[in-house]
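Undergrad: Questions regarding the structure given below will be posed in turn.
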Amino acid sequence: VIGRPYNTLDERVSLNIPYKFAENFNLTVLPLDMVPFEPEGIDRDFKMFWSYGKVILNGLKFTRLNPDWHGVFLSNFGCGPDSYLLSYAEEIMEDKPFLILELDEHSSAGGYQTRMEAFMDAVTSSPSKTYDKFDFSIMDEKGGLSDRTIWIPPMHPIGARFFASAYRRYGCDAKALPEETPEILEVGRSLVRGSECLPTALTIGNFVHKLRELKADPRKHALFMATSDGPCRFGQYIVLQRMILNRLGYHDITIVSPSSYNQYSGLPGEMRPFIWETILVSDVLYKVRCKIKPFEKLEAGTEKIFEESMRIMEKALSRGETIYRAFQNVLHKFRKIERTQELKPLIGIVGELYVRCNHFSNDYVVQAIEEAGGEAWVSPLSEWFLYTGFMRKWHARHNGNIREMFKAYLTDTYLHRQERKMYEKASDILFDREEPDIEKIMDMAARYVPIAFGTEALLTLGRASLFIKQGARLIVNTAPFNCMPGTITTAIFNHIQDDMGVPVVNFFYDGKPGESSPIKTYIENLSPL
């Protein structure tokens, strides 16, 4: 019986299913902790950073290798790690009979009896055979990037386009994937089990949709997908995506996956400083657009200049021109936009990185805020990179690693210096929209969860609190459906809104249209300015 002890050993939660297998079918039933733990290959194949996830994968491996063993996986509805582990379980078991039961508080044992019987019919009718050791070397990427097109998922409204331009500047062919559509989401949904994070389905669906559209030669393409070492599910995206690409026959596709653990040192050394400047200019340019758009006198004038500015910056970034000179040119265009002096409520947007920045994922929440008469202030993409630098210093300090502390300090100093330089270029427009230091965000977050807690929950809680101090009248917390950090922050926001007197609305997105429409009601019910 595979699964977490609170699902498999508790008689009420498990609905006594392990005992029913023993009694009704005269079977020997072993709990997972009786399986010898031999994790060889698990880290290599799955990059597994969840401790009990390794135990589960170890149990699956033993079940596969022993002809007389059969597995029953007891999970529960909405379990974040299991949304990936269940896919791995199906891949590991291949055609060996295997049963997955997802339990919830509405379940009854009788409802599972038919499935148990069907599973036993499959077991008894299947010939006993020995399966080979499972090993598909998940991260064994082959081939360089010089002759490949690198595809960048559209995490940020303009960041993906600028990121691709930065790659082209250094001799790589790179392109931004298009903004997602319902059709692309359906492709992604068809490739996953369905309970994974929304960005999982969107990124792999977008990439596969593009490959099919181009009738692509796998040896000529690569997917850019940054990663992490957990605890958020984001660190498992590349594993599942590699599995899906292999399943579709795209074994020769390369996944470019620099990690937040070492501040993305997997990128070429000479390219990393320029990538940081690219991220910053993406954030600042989008913030300029959000600051001016609600107050424009000529409707759609801001959007027209915004689109023109993106094209200008793309050319400058890819051609090797000075990034700051090109940025000054586009800022000059925004300064000419005539604006009203009316007051509008400021709405702070926090939450999971992909969903809060990607228009399709958050059902165009910025547009919904603006149409409802508000001004949107979105937490920038650069916040995450500053956070990884902060955590690198924090871990080095707590581990007493002086050398690593010094290296992290130098990197952090550079990141902050470039951030200040970029914001200074637009200071006349964004004088009241400056981002707080990451240290202040972490200090605010530490009031609610320990720094060691990790994940974007820290950024969400800390930044939301500072948004309120900066005048936000409403906080919008965006997350994918069943997001682990999003679920936690939603609960804690009940306390924050009571403490600070500003409402927080929590949106969990699943790719359906209309999910941001309630924002209009929230804005209309704010007290007058």
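The values are calculated or read from the model by the stated rules, or taken from the named source; none is laboratory data. Just so it is clear, the structure is predicted and the values come from calculations on it, not from any experiment. In this analysis, Cβ positions are derived from the backbone assuming ideal geometry, glycine residues included, and neighbour counts consider all displayed protein chains. To get the accessible areas, we keep the full protein, side chains included, count just its heavy atoms, and leave off ligands, DNA and RNA. Shrake-Rupley method; radii C 1.70, N 1.55, O 1.52, S 1.80 Å.
Undergrad: Would you confirm, using the coordinates I've provided, whether Asp104 is surrounded by fewer than 19 Cβ atoms within 10 Å (Cβ to Cβ) and touching a residue at least 12 places away in the same chain (Cβ under 8 Å)?
TA: Details: surrounded by fewer than 19 Cβ atoms within 10 Å (Cβ to Cβ): yes; touching a residue at least 12 places away in the same chain (Cβ under 8 Å): yes.
The answer is yes for Asp104.
Undergrad: Check Ala226, Ala216 and return the single one that is open to solvent by less than 30 Å² (accessible area, probe 1.4 Å) and farther than 21 Å from Thr455 by Cβ.
TA: The conditions single out Ala216.
Undergrad: Filtering the range 406-423 down to residues that are hydrophobic (A, V, I, L, M, F, W, C) and open to solvent by 60 Å² or more (accessible area, probe 1.4 Å), which residue is farthest from Arg272 (Cα to Cα)? Show your work before the answer.
TA: Taking the range 406-423 and keeping what is hydrophobic (A, V, I, L, M, F, W, C), we get 406, 408, 410, 415, 422.
Next, from what is left, pick out any that are open to solvent by 60 Å² or more (accessible area, probe 1.4 Å): 406, 410.
Working: Phe406: 19, Leu410: 14 Å.
So the residue we want is Phe406.
Conditions tested, residue by residue: (1) open to solvent by less than 10 Å² (accessible area, probe 1.4 Å); (2) basic (Lys, Arg); (3) in a loop (DSSP other than H, G, I, E, B); (4) within 19 Å of Trp151 (Cα to Cα).
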site: Glu183; (1), (2), (3), (4): no, no, no, yes
site: Glu186; (1), (2), (3), (4): no, no, no, no
site: Gly230; (1), (2), (3), (4): no, no, yes, no
site: Met243; (1), (2), (3), (4): yes, no, no, yes
site: Tyr250; (1), (2), (3), (4): no, no, yes, yes
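Undergrad: Taking Glu102 as the residue in question, decide whether it is in a helix (DSSP H, G or I), among the charged types (D, E, K, R) and under 30 Å from Pro485 (Cβ atoms).
TA: So Glu102 fails the test.
Undergrad: Among the listed residues Ala452, Ala426, which satisfies the condition of being open to solvent by 30 Å² or more (accessible area, probe 1.4 Å) and either touching a strand residue (DSSP E or B) at 6+ places or on another chain (Cβ under 6 Å) or among the small types (Gly, Ala, Ser) (or both)?
TA: Ala452
Undergrad: A further question on this structure: Out of all the residues in the range 178-206, which are under 16 Å from Cys483 (Cα atoms) and either acidic (Asp, Glu) or in contact with a Cys (Cβ under 6 Å, 6 or more places away or on another chain) (or both)?
TA: Glu196
Undergrad: Looking at Pro178, Pro182, Pro157, can you tell me which residue is in contact (Cβ under 8 Å) with a residue 12 or more places away in the chain, within 16 Å of the chain's Cα centre (by Cα) and over 30 Å from Ile42 (Cα atoms)?
TA: Pro157
Undergrad: Consider Val72 carefully, then state whether it is among the aliphatic types (A, V, I, L, M), assigned to a strand (DSSP E or B), modelled with pLDDT of 90 or more and closer than 19 Å to Gln113 by Cα.
TA: Answer is yes for this residue.
Undergrad: For the range 107-127, enumerate the residues that are part of a loop (DSSP other than H, G, I, E, B) and surrounded by fewer than 10 Cβ atoms within 10 Å (Cβ to Cβ). Give the derivation first.
TA: In the first step, residues of the range 107-127 are kept if they are part of a loop (DSSP other than H, G, I, E, B); the result is 107-109, 126-127.
Once the filter is applied, which keeps residues that are part of a loop (DSSP other than H, G, I, E, B) and surrounded by fewer than 10 Cβ atoms within 10 Å (Cβ to Cβ), the range 107-127 yields Ser108, Pro127.
Undergrad: I'm checking my understanding of the structure. Among residues of the range 31-47 that are open to solvent by less than 20 Å² (accessible area, probe 1.4 Å) and touching a residue at least 60 places away in the same chain (Cβ under 8 Å), which one is nearest to Ser108 (Cα to Cα)?
TA: Applying the filter and picking the extreme gives Phe46.
Undergrad: Mind checking whether some residue in the range 68-80 is crowded, with 20+ Cβ neighbours inside 10 Å and closer than 17 Å to Cys197 by Cβ?
TA: Looking through the range 68-80, at least one residue is crowded, with 20+ Cβ neighbours inside 10 Å and closer than 17 Å to Cys197 by Cβ.
Undergrad: Looking at Phe334, is it aromatic (Phe, Trp, Tyr), at pLDDT 95 or above, under 24 Å from Phe162 (Cβ atoms) and surrounded by fewer than 22 Cβ atoms within 10 Å (Cβ to Cβ)?
TA: yes
Undergrad: Looking at the range 355-369 only, could you name the residues that are of a type in the set (Ser, Thr, Tyr) and within 14 Å of the chain's Cα centre (by Cα)?
TA: Ser361 - this is the single residue of the range 355-369 that is of a type in the set (Ser, Thr, Tyr) and within 14 Å of the chain's Cα centre (by Cα).
Undergrad: Within the range 433-442, is there a residue that is open to solvent by 30 Å² or more (accessible area, probe 1.4 Å), over 30 Å from Arg325 (Cβ atoms), in contact (Cβ under 8 Å) with a residue 40 or more places away in the chain and in a helix (DSSP H, G or I)?
TA: There is at least one residue in the range 433-442 that is open to solvent by 30 Å² or more (accessible area, probe 1.4 Å), over 30 Å from Arg325 (Cβ atoms), in contact (Cβ under 8 Å) with a residue 40 or more places away in the chain and in a helix (DSSP H, G or I).
Undergrad: Another question, if that's okay. Failed condition for Lys54, given (1) open to solvent by 10 Å² or more (accessible area, probe 1.4 Å); (2) in a helix (DSSP H, G or I); (3) under 18 Å from Asp104 (Cβ atoms), with all others met?
TA: Single failed check for Lys54: (3).
Undergrad: Of the residues Thr28, Thr8, which is without any contact (Cβ under 8 Å) to a residue 12 or more places away in the chain, of a type in the set (Val, Ile, Thr) and open to solvent by 10 Å² or more (accessible area, probe 1.4 Å)?
TA: Step by step, each of Thr28, Thr8 is checked, and only Thr28 is without any contact (Cβ under 8 Å) to a residue 12 or more places away in the chain, of a type in the set (Val, Ile, Thr) and open to solvent by 10 Å² or more (accessible area, probe 1.4 Å).
Undergrad: Consider the range 88-98. How many of its residues are closer than 19 Å to Arg189 by Cβ and either out of contact with any Lys or Arg (no Cβ under 9 Å at 6 or more places or on another chain) or at pLDDT 95 or above (or both)?
TA: 1
Undergrad: Output the residue which, of all residues in the range 483-529 that are polar (S, T, N, Q) and over 24 Å from Leu458 (Cα atoms), is most open to solvent (accessible area, probe 1.4 Å).
TA: Among those that are polar (S, T, N, Q) and over 24 Å from Leu458 (Cα atoms), it is Asn525.
For (1) under 27 Å from Val504 (Cβ atoms); (2) within 26 Å of the chain's Cα centre (by Cα); (3) at pLDDT 95 or above, each residue gets a yes or a no:
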position	(1), (2), (3)
Gly389	no, yes, no
Arg392	no, yes, no
Arg397	no, no, no
Arg403	no, no, no
Gly454	yes, yes, no
Arg463	yes, yes, yes
Leu466	yes, yes, yes
Ile475	yes, yes, yes
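Undergrad: A further question on this structure: Spot the failing condition for Glu321; the list is (1) within 24 Å of Tyr167 (Cβ to Cβ); (2) touching a residue at least 12 places away in the same chain (Cβ under 8 Å); (3) open to solvent by 30 Å² or more (accessible area, probe 1.4 Å), and only one is missed.
TA: (2)
Undergrad: Right, here's the next one. Quick one: which residue in Ile275, Ile255, Ile305, Ile292 is assigned to a helix (DSSP H, G or I), among the aliphatic types (A, V, I, L, M), open to solvent by less than 50 Å² (accessible area, probe 1.4 Å) and at pLDDT below 95?
TA: Exactly one residue qualifies, and that residue is Ile275.
Undergrad: Also: Can you find a residue in the range 379-391 that is free of Cβ contacts under 8 Å to residues at least 24 places away in the same chain and open to solvent by 10 Å² or more (accessible area, probe 1.4 Å)?
TA: There is no residue in the range 379-391 that is free of Cβ contacts under 8 Å to residues at least 24 places away in the same chain and open to solvent by 10 Å² or more (accessible area, probe 1.4 Å).
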